[in-house]
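Just passing along the structure, written as structure tokens.
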Amino acid sequence: MKSLLALMLCLLCLSVANAQFKPPTESAVDRFLRYVKIDTQSQEDQTTTPSTRKQLNLANLLAKELTALGVENVRVSEFGIVYAMVPGNVADNSKVPVIGFIAHMDTSPAVSGENVNAIIHKNYQGGDIVLPNDKTQVITVEKNPVLKKLIGDDIITADGTTLLGSDDKSGCAEIMTMIDTLRQNPQIKHGTIAIAFTPDEEVGGGIEKFDVKAFGAKFAYTVDGEELGEISDETWSARTATVTFQGKSTHPGTAKGIMINAMYAIGDYLDRFPHDILPETTEGRVGFVHPYAGVIDVESSNLKILLRDFDVSGLDAKEKLLRDMVAQTAAKYPEVKITIDVKENYKNMKEVLKNYPELTNNAMEASRRAGVEPFLKPIRGGTDGSNLTFRGLPTPNLYTGGANFHDKLEFNSRRGLEKSTETLINLVRIFAEKS
Ligand SMILES: [Zn+2]
């Protein structure tokens, strides 16, 4: 009982402390609504970075707004990456590690991001949300139990014909609003903060052009997660296998004894995939193998397969399985020459982040201070943070409040945007306090 009272007093103090903050000059919601109007859809298989020129429209706007917020060293690189630096305001800034915040500007190629018409469902009172311009698009409580936590909130969706672009314009708006709030409240003590907005996260490639050294952070966070409280310091370890089946083509009229049809071998190989380790049959921490593309032809067929697991030993086991299956198919079709080539894509960032537990701990503390109960969620994918972590910049991922990424049913909420922003502010304070 006593501890409950203490907790309540503490929460009261915190809310009083936050109430003393001057609000930002513009809310996270208003910023978000402006950014989602700018089409920044990226495109697969392009040779340039950014993959689409239109991403520069948002890059240039963010650079302009950063400059207006008094941020230093604002620049847009030749690859469309926006970098900036918020100077620290503690007595000795060199004592506080430089913390970076990164959000991506592009939206998924999966669904159009053109003419986004954001709709605010004010004071949500529960129930399914039908998107007005395509009534077949319904955000159901059944598939989105998080809606139950959003009663009374203002929910932001698209109109049913496009993406919303919460992924990751929420992250952009939250980082910008953090900077704005810090500027309005010089009494909030923080070290130097590095900022970056990146293109082409959805298609890969943008992050390779990221200049870790010029960014200047010791640690960073991508602000690109979903539900409030969700913090991720673990991603897949990922490999890709290519299995090639070499046969021999000839005119079918005179093929007897000559033709070797590689198509039967690839069919046999596909048939050997165990059904319990596929993307469609796994979730949580269970990895998978996923044949996702291929060419089927008499002379030469091939199959591309994703291998995913949180543990390297699990990945090794999956690679062995694919190789054993090659041997089995080869035994059945000895005339077809079968080869397998496996490439490493990225590794679970936990392998590095386990050495920096304070990154996750401080993020959880920042979340609690914002009144949001944090939880760790391993990401069944990779993030720009996994790339950066292995290039010497340890980078876990933070929530943005969003949901249903890469889908017309994408949404975020006022509280989602505001609590995520508050978490970022708490986080820079915690790093200053602990230094
Ligand atoms: Zn994203």
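Take the residues in the range 310-365 that are within 18 Å of Val286 (Cα to Cα) and hydroxyl-bearing (Ser, Thr, Tyr); name whichever of them is modelled with the highest pLDDT.
Here the answer is Ser313.
Small (Gly, Ala, Ser), at pLDDT 95 or above and in contact with a Leu (Cβ under 8 Å, 6 or more places away or on another chain): which single residue out of Ser112, Ser42, Ser51 fits that description?
Ser112
Only residues that are part of a loop (DSSP other than H, G, I, E, B), in contact with a helix residue (DSSP H, G or I) (Cβ under 9 Å, 6 or more places away or on another chain) and of a type outside the set (A, V, I, L, M, F, W, C): list them for the range 104-116, please.
Asp106, Ser108, Gly113
Let me ask another. Just need a number here: residues in the range 155-166 that are more than 16 Å from the ligand (Cβ to nearest atom) and either surrounded by fewer than 17 Cβ atoms within 10 Å (Cβ to Cβ) or assigned to a helix (DSSP H, G or I) (or both).
Counting residues in the range 155-166 that are more than 16 Å from the ligand (Cβ to nearest atom) and either surrounded by fewer than 17 Cβ atoms within 10 Å (Cβ to Cβ) or assigned to a helix (DSSP H, G or I) (or both) gives 0.
Restricting attention to the range 406-423, and to residues there that are surrounded by 24 or more Cβ atoms within 10 Å (Cβ to Cβ) and within 16 Å of the ligand (Cβ to nearest atom), which single residue is nearest to Ile188 (Cα to Cα)?
The residue in question is Ser420.
Sticking with this one: Would you point out the residue of the range 399-412, among those that are in a strand (DSSP E or B) and under 25 Å from Asp233 (Cβ atoms), that is farthest from the chain's Cα centre (by Cα)?
Among residues in the range 399-412 that are in a strand (DSSP E or B) and under 25 Å from Asp233 (Cβ atoms), the one farthest from the chain's Cα centre (by Cα) is Asn412.
Next up: Can you find even one residue in the range 285-296 that is more than 29 Å from the chain's Cα centre (by Cα), surrounded by fewer than 17 Cβ atoms within 10 Å (Cβ to Cβ) and among the β-branched types (Val, Ile, Thr)?
yes
Here's something else I'd like to know. For Gly382, state whether it is within 16 Å of the ligand (Cβ to nearest atom) and on the phi < 0 side of the Ramachandran plot.
Judged against the criteria, Gly382 is a match.
Between a residue in the range 192-213 that is within 29 Å of Glu433 (Cα to Cα) and any residue that is basic (Lys, Arg), which pairs come within a Cβ distance under 6 Å, given they are 6 or more apart or on different chains?
Pairs that qualify, where the first residue is within 29 Å of Glu433 (Cα to Cα) and the partner is basic (Lys, Arg), are Val212/Arg391.
Filter the range 349-398 for residues that are in a loop (DSSP other than H, G, I, E, B), in contact with a helix residue (DSSP H, G or I) (Cβ under 6 Å, 6 or more places away or on another chain) and among the charged types (D, E, K, R) and give the result.
Listed by number, the list holds a single entry, Arg391.
Within the range 179-227, how many residues are modelled with pLDDT under 95, touching a Pro at 6+ places or on another chain (Cβ under 9 Å) and buried (at least 23 other Cβ atoms within 10 Å of the Cβ)?
2
Turning to a different aspect of this structure: For the range 167-260, list the strands (runs of 3 or more DSSP E) that sit wholly inside it and hold at least 3 residues that are within 16 Å of the ligand (Cβ to nearest atom); which are they?
By residue number, 193-198, 219-223.
For the range 81-97, name all the residues that are assigned to a loop (DSSP other than H, G, I, E, B), more than 16 Å from the ligand (Cβ to nearest atom) and in contact with a helix residue (DSSP H, G or I) (Cβ under 9 Å, 6 or more places away or on another chain).
Result: Pro87, Gly88, Asn89, Val90, Val96, Pro97.
Among the residues of the range 77-110, which ones are closer than 17 Å to Lys209 by Cα, crowded, with 16+ Cβ neighbours inside 10 Å and not hydroxyl-bearing (Ser, Thr, Tyr)?
Across the range 77-110, the qualifying residues are Phe79, Gly80, Ile81, Val82, Ala84, Gly100, Phe101, Ile102, Ala103, His104, Met105, Asp106.
Then there's this: Taking the conditions exactly as written (away from the ligand (no atom under 16 Å from the Cβ), in contact with a Pro (Cβ under 9 Å, 6 or more places away or on another chain) and either free of Cβ contacts under 8 Å to residues at least 60 places away in the same chain or within 20 Å of Asp168 (Cα to Cα) (or both)), does Asn355 satisfy them or not?
yes
The values are calculated or read from the model by the stated rules, or taken from the named source; none is laboratory data. Keep in mind that this is a model prediction, so the values were computed, not measured. Glycine also receives a Cβ, built like all others from the backbone with ideal geometry; neighbour counts cover every protein chain displayed.
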